[in-house]
Amino acid sequence: MENKITAILENYLETIYILETKNNKESKNIVRVTDIANLTGRSKASVNIAIKSLSSMGYINHEHYGNIELTSSGREIGIEIAKRHSLFYTFLVKVLNVEETVADEEACKIEHTLSNDTVEKFRDFLCKYCQENDLED
């Protein structure tokens, strides 16, 4: 039986992916509950609850008080959410001239609501728009 992952849990997978790959996409950094709490601004207790859920769903490996590692399925979701975030953040900042802090918050909301097909069409549009308007992706 597969559990449906929530937007909040997707954000945790994205955060773990970002922490794992921070400063080095070639090797994984050690990720701990404290790192996640610091980056997300959530309490360690809240992070622990999410970590238990993600572990029981098979998206992470975590021993009590140990390091947190994404499984292949968790990494797949983390990467996809990070890509979606970047896509919508880029659109909001470069096309709509939204202030960066606001764009970051709003990209986080948008990244969970659209279907994969719509996101792909949006990505194609943004790539074409950036090329036509001489903007960097």
Worksheet entry | Residues of the range 86-137 satisfying the condition of being under 24 Å from I18 (Cα atoms) and either outside any helix (DSSP H, G or I) or in the same structural domain as N11 (by TED's automatic domain parsing) (or both) | V98, E99, E111, H112, T113, L114, S115, E136, D137
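Suppose the filter is of a type outside the set (S, T, N, Q), surrounded by 14 or more Cβ atoms within 10 Å (Cβ to Cβ) and in contact (Cβ under 8 Å) with a residue 40 or more places away in the chain; does I81 pass it?
Details: of a type outside the set (S, T, N, Q): yes; surrounded by 14 or more Cβ atoms within 10 Å (Cβ to Cβ): yes; in contact (Cβ under 8 Å) with a residue 40 or more places away in the chain: yes.
Yes: the conditions hold for I81.
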Discussion item. Going residue by residue through the range 97-108, is there one that turns out to be surrounded by fewer than 13 Cβ atoms within 10 Å (Cβ to Cβ), farther than 21 Å from V47 by Cα and of a type in the set (V, I, T)?
Written reply: yes
Fill in: Residue in the range 15-27 that is under 30 Å from F125 (Cβ atoms), among the aliphatic types (A, V, I, L, M) and outside the structural domain of E100 (by TED's automatic domain parsing) present
yes
Item to complete: Could you tell me whether any residue of the range 52-69 is charged (D, E, K, R), over 20 Å from T15 (Cβ atoms) and touching a helix residue (DSSP H, G or I) at 6+ places or on another chain (Cβ under 8 Å)?
Response: no
Worksheet entry | Qualifying positions in the range 84-110 - within 16 Å of E10 (Cβ to Cβ) and either of a type in the set (V, I, T) or touching a residue at least 60 places away in the same chain (Cβ under 8 Å) (or both) | H85, C108, I110
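The values are calculated or read from the model by the stated rules, or taken from the named source; none is laboratory data. In this text the structure is predicted, and so the values were computed from the model without any measurement. Here the Cβ is made from the backbone with ideal geometry for all residues, glycine too, and neighbour counts use every protein chain on show.
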